[in-house]
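Since every read-out is calculated from the coordinates, none of them should be taken as a lab result. Here the structure is a predicted model, which is why all the values come from computation and not from measurement. Quick reminder, even Gly has a Cβ in these numbers, built from the backbone with ideal geometry, and neighbours come from all protein chains shown.
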4 protein chains.
Amino acid sequence: TVQHIFKQIFQAGLELQEDDNRKELLVSRKKKPEDTIVDLKGEKIGDGSQRIVAGPCSVESYEQVYEVAKSMKNQGIRLLRGGAFKPRTSPYDFQGLGKEGLEILRRVADELDMVVISEIVSPQDVEMALDYLDVIQVGARNSQNFELLKEVGGVDKPVLMKRGMSSTIDELIKGAEYILAKGNENIILCERGIRTYEKATRNTLDISAVPILKKETHLPVMVDVTHSTGRRDLLEPTARAAFAIGADAVMAEVHPDPAVALSDSAQQMDIAQFESFLDSLRASGLYKY
Amino acid sequence: TVQHIFKQIFQAGLELQEDDNRKELLVSRKKKPEDTIVDLKGEKIGDGSQRIVAGPCSVESYEQVYEVAKSMKNQGIRLLRGGAFKPRTSPYDFQGLGKEGLEILRRVADELDMVVISEIVSPQDVEMALDYLDVIQVGARNSQNFELLKEVGGVDKPVLMKRGMSSTIDELIKGAEYILAKGNENIILCERGIRTYEKATRNTLDISAVPILKKETHLPVMVDVTHSTGRRDLLEPTARAAFAIGADAVMAEVHPDPAVALSDSAQQMDIAQFESFLDSLRASGLYKY
Amino acid sequence: TVQHIFKQIFQAGLELQEDDNRKELLVSRKKKPEDTIVDLKGEKIGDGSQRIVAGPCSVESYEQVYEVAKSMKNQGIRLLRGGAFKPRTSPYDFQGLGKEGLEILRRVADELDMVVISEIVSPQDVEMALDYLDVIQVGARNSQNFELLKEVGGVDKPVLMKRGMSSTIDELIKGAEYILAKGNENIILCERGIRTYEKATRNTLDISAVPILKKETHLPVMVDVTHSTGRRDLLEPTARAAFAIGADAVMAEVHPDPAVALSDSAQQMDIAQFESFLDSLRASGLYKY
Amino acid sequence: TVQHIFKQIFQAGLELQEDDNRKELLVSRKKKPEDTIVDLKGEKIGDGSQRIVAGPCSVESYEQVYEVAKSMKNQGIRLLRGGAFKPRTSPYDFQGLGKEGLEILRRVADELDMVVISEIVSPQDVEMALDYLDVIQVGARNSQNFELLKEVGGVDKPVLMKRGMSSTIDELIKGAEYILAKGNENIILCERGIRTYEKATRNTLDISAVPILKKETHLPVMVDVTHSTGRRDLLEPTARAAFAIGADAVMAEVHPDPAVALSDSAQQMDIAQFESFLDSLRASGLYKY
């Protein structure tokens, strides 16, 4: 029938358009077949090696950050994360130290020759943060805060882009495109678990997202094992799975004394647990540093 | 039995704790038992009557907005919505007319004595928007953009607060608390469908959220039937369900010519469909205006 | 390109096939435009009126069932449900009285001239159940137990077919097709909530499923407000929404003393609450009996 | 503070209660700390080694099964799967060869000294299947078909128990308890992806379920990489992740000519792809056979 032919033409047009859209994305592997390698003061993400990013959930004090960072440095790990601006569900939860937190991170990093990664939650703070951070993190709750994405796209600083709590893989890719479209090519994508009906874990780690993102884009991919599981006992097994499936880096939270942490105390490792986490990973042969 | 007594004590402890948590929230009905009524230039939301908010998905031109607004006005509907700042998944989709869109909305509203509702996506734009808007909308993608929530909490302008795509009801309530904690009491909550596995509809309308929000908070509750279903054929039935279950208002999208709309063409009603939508609602006895 | 044309042809073929598939379904409105009306001893489901099905979650004793049924009868409600075979998550939970439960239901129904609806969980029990039941219920956990569907398709007894906990609407429709394909046309579909991340309710009532099912199929549609919400305080509001959106019937659980119920005590109404539930529904104008 | 002490008591009560519940389950590691090893004619599942189960989605002919099995045998793989009774969403899809399919599987297995795994969908067929099968599979759609679980619990034949499409981990564990409570200890649990909003994969592989199941129960755990991803290109990466995180076995579908397969053609490997799948797994060091 004529109606059917029209439908066909329409469908064909739709597909053509989708093809075009995908071809046009700057983050796409079709646009750039070779891997993007993000160089963080010598620590390369995306070059085929495995990296670990660690640090406390929230920055609480110079001493707290220094203790964790020192232990990391002893293990040869230079990628330090810590939350200064904390997006919290309730306005009455601890909201982070803000700029003071960034200053602490910078000071510790300078003393120990480390790299600082921290979340920025507002476009207005990006400019200020450039003085303190080596990597700007866009958090899960801001994964579709497009004004923030555009802002970090316009600065000369690597961006760690987390998947939203219920973002599709396609939405994560298009979110990264907002950044790259503004000129910033140094983007690391991060799978951090998605929201499902299953409550045995805080979120459901979508491990398949790693090979899909590696195939669809040329960007390096990290797995945040802390927020995806929310369980200390699952950090090491999921880190193994992440490296085995091809993740370029794993992020995990470490606190000198998790029991008194101002946020997420149940899911952070203490320093002894962190060292044993690294030992097990190395013993598995999946992490070589 | 002893076991049973322990269970009871345990249960009592659980309830006590929950009670305490909830009592502290300013949005809670425990804190303020009577309904909050938001007065929008004479159109009251939350007073037991039913209101309809309508308008195009995106503001495209003065003529487009005027045509829809005129038809609304003829039907006695004064609450005009329209998107000027459009958060879109891809950076290459139409991003809205921005400030020019706000100007168009204001001009039409002034000519026809209507009330303007539009989404603001960045804390920096809130101040500017005060000159144009009667209600500031916080969209689903920004439901946990806490900097934006704090900003709209500090101004003297009603806020329409949408539930996030995968927010729990508790997260929506705590998001509203961010606003009220800054002093702004004029908040309307909006259920707009949640993300589930079911793809027969764009999202899954969580109709039970309406009585839960009315019970837990003192704030008025709206249902966005357009974004929850994404299907023109479901707008009228879901609007009936929304009013029947106690929603104070329903939001629906109307465009003079949906086929050429710059966004969401498949789910908007044209003007004739809108009039028939209203006729059916009135005939059901659930909408009385 | 040639590749593209082939893709088009393939796509067109796919659509043709889908169209054909849909056209061929016996449950489809395309196959039979007029509504199917299921007549349960004079109580018609699907004729435009609103029906209520009530009764205890589990059959526990003759006295328990009689007390509920008597109260229903006084209110003019003849559709009695009660669980005899109970599919329970744990093998150590109460599994129901089995055949003895069916006998109790039948005895009470005969004494009070009522209609009995109860779940059968095994193909082997269908034959036996014919002596006791007026409607065979296929439960959510058995919605894709195709051997059971085929079995109930082969008998001359109406079937109440519940949506699976995470079935799509399409899967529910195809499940009903298994029954109709075997010759049994008396099928009532039942939306009972789907599993999502939201835990404020036991499941998320997918109210939009009602108009979709009414549009796609010619079968009557029921809403189980008890299992979808799991909350006594939401039964009446969701029943209103169900009738407002076009449901042919609502199912709710009633127990003489919910606190001592052997299953699901938190969500059942006692008899006074049930009467007040009915009074409110009648007052809303949405339920006319 | 006093408040803190109450919180602690409360927490302790919560844990006590959970402990009690879990201690009672026969599948629990608290009940039996050492690993259960299921011996399938010499192929041990759960002894610390890695096993692969392969075969076609549906049994179509002797030749088809023989060709796949021969290739498996050449690679040292003896665990042969194949669907004879196929639970299909639509009654008009290919429903499997039934008993004839079991005969084909048995004949090929006897000729090549292999082990046969196939799904049984009805309690009535369990007895008959004992003559043909070495392992009875309970499929995802029947994971809460408790009559079937009880039936396979009463026979002397290992059971492969798949997680339901939207089962929680707790429901899977309690489902296995139905089997063990009837006396059958030879149970293998299988993660096969859960239903979520993400549609880039057929289901979302919940990789964290593996260490949780290993910790909570003493049973071996398998991962079905075919049904969890539904994508041929993801089979090898997810198999690596599964072994890395501690799965005892991986299941994947292989067909001599996937393009003409009667079911699930898009996700099956052909024989060359299967050999390359095994080569890559061996090269990764995560699979040692």
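If you take the square roots of the eigenvalues of the alpha-carbon gyration tensor of segment D:89-155 and sort them as a ≥ b ≥ c, do you get rounded (a/c under 1.5), prolate (a/b over b/c) or oblate?
Details: a/c = 2.19, a/b = 1.27, b/c = 1.72.
It is oblate, given that a/c is not under 1.5 and a/b is not larger than b/c.
Taking the Cα centre of segment C:83-160 as the origin, how large is its charge dipole in debye, to the nearest 20, when only Lys and Arg (+1) and Asp and Glu (-1) carry charge on their Cβ atoms? Write out the running numbers ahead of the final one.
Values: 8 positive and 14 negative charges, 71 e Å.
I would put it at about 340 debye.
Under the rule of at least 5 residues apart or a separate chain, name every residue whose amide H is placed under 5 Å from the amide H of D:Phe85.
Excluding prolines and chain starts, which carry no amide H, the hits are D:Gly98, D:Glu119.
For the rotation that superimposes chain D on chain B, which residue of D has the C-beta lying nearest to the axis, and at what distance in Å?
Measuring from each Cβ to the axis, the minimum is at D:Tyr197, 3.
Ordered by residue, what ³J(HN,Hα) values in Hz, to whole numbers, does segment D:170-176 give under the Karplus form 6.51 cos²θ - 1.76 cosθ + 1.60, where θ = phi - 60° and Gly and Pro are x?
Once rounded to whole Hz, the list reads 4, 5, 4, 4, 5, x, 4.
How far, in nm to one decimal, is D:Lys288 from itself in the other copies if the label point is set 7 angstrom along Cα toward Cβ? Shortest first, please.
Once sorted, the set of distances for D:Lys288 reads 2.1, 7.5, 7.7 nm.
How many percent of DSSP beta bridges within chain B run antiparallel, rounded to 5? Working shown, then result.
Details: 5 of 33 bridges.
Rounded to the nearest five, the antiparallel share is 15 percent.
For the charge dipole of segment C:35-284, defined by +1 on Lys and Arg C-beta atoms and -1 on Asp and Glu C-beta atoms about the Cα centroid, which residue among C:Leu149, C:Ile179, C:Asn203 has the Cα displaced farthest towards the positive pole?
Final value for the positive-end residue is C:Asn203.
Per residue of B:232-239, how many C-beta atoms from partner chains lie within 10 Å of its own C-beta, taken as a mean? If you can, show how the numbers build up before the last one.
Details: counts 0, 3, 7, 0, 2, 10, 7, 2.
Rounded to a whole number, the mean comes out at 4.
Roughly how crowded by other chains is peptide A:188-201, in terms of the mean Cβ count from those chains within 10 Å of each of its Cβ atoms? Please report the intermediate quantities before stating the final value.
Working: counts 0, 0, 0, 0, 0, 1, 7, 11, 15, 18, 15, 5, 9, 5.
Mean partner shielding for this stretch: 6.
Within a 10 angstrom radius of the beta carbon, how do C:Ser208, A:Ser263 rank from fewest other beta carbons to most? The partial results should precede the final answer.
Working: C:Ser208 29, A:Ser263 19.
Fewest to most other Cβ atoms nearby, the residues stand as A:Ser263, C:Ser208.
What list of ³J(HN,Hα) values in whole Hz, one per residue of segment C:44-51 in order, does the Karplus curve 6.51 cos²θ - 1.76 cosθ + 1.60 (θ = phi - 60°) give from phi, with Gly and Pro shown as x?
8, 10, x, 9, x, 8, 10, 10
Taking amide H positions as placed 1.01 Å from N in the peptide plane, with prolines and chain starts having none, which residues 5 or more places from A:Val53, or on another chain, fall under 5 Å of its amide H?
A:Val250, A:Met251, A:Ala252
Could you work out how far helix D:271-284 tilts from the main Cα principal axis of chain D, as a 0 to 90 degree angle to the nearest 10?
40
Amide H to amide H under 5 Å from C:Ile188: which residues, 5+ apart in sequence or cross-chain, H placed 1.01 Å off N in plane?
C:Val159, C:Leu160, C:Met161
Sort the protein assembly as shown into rounded, prolate or oblate with this rule: let a ≥ b ≥ c be the square roots of the eigenvalues of the Cα gyration tensor; rounded if a/c is under 1.5, and if a/c is not under 1.5, prolate when a/b is larger than b/c, oblate otherwise. Walk me through the intermediate numbers first.
Details: a/c = 1.38, a/b = 1.04, b/c = 1.33.
In terms of gyration-tensor shape, rounded.
With θ taken as phi - 60° and the coefficients 6.51, -1.76 and 1.60, list the Karplus ³J(HN,Hα) couplings across segment C:233-239 in order, rounded to whole Hz; mark glycine and proline as x.
Those phi angles translate into 6, 9, 5, 5, x, 6, 5 Hz.
May I ask what percent, to the nearest 5, of DSSP beta bridges between residues of segment C:113-237 are antiparallel? Show your work: numbers first, answer last.
On the way: 1 of 14 bridges.
About 5 percent, rounded to the nearest 5.
Please say if chain B is rounded, prolate or oblate, where rounded means a/c under 1.5 for a ≥ b ≥ c the square roots of the C-alpha gyration tensor eigenvalues, and otherwise the choice is prolate for a/b larger than b/c and oblate otherwise? Before the final figure, lay out each step's value.
Numbers: a/c = 1.82, a/b = 1.56, b/c = 1.16.
Here chain B falls in the prolate category.
Between segment B:132-160 and segment D:155-231, how far is it from one alpha carbon centroid to the other, in angstrom?
Spelled out, the Cα-based centre of one part sits 44 Å from the other.
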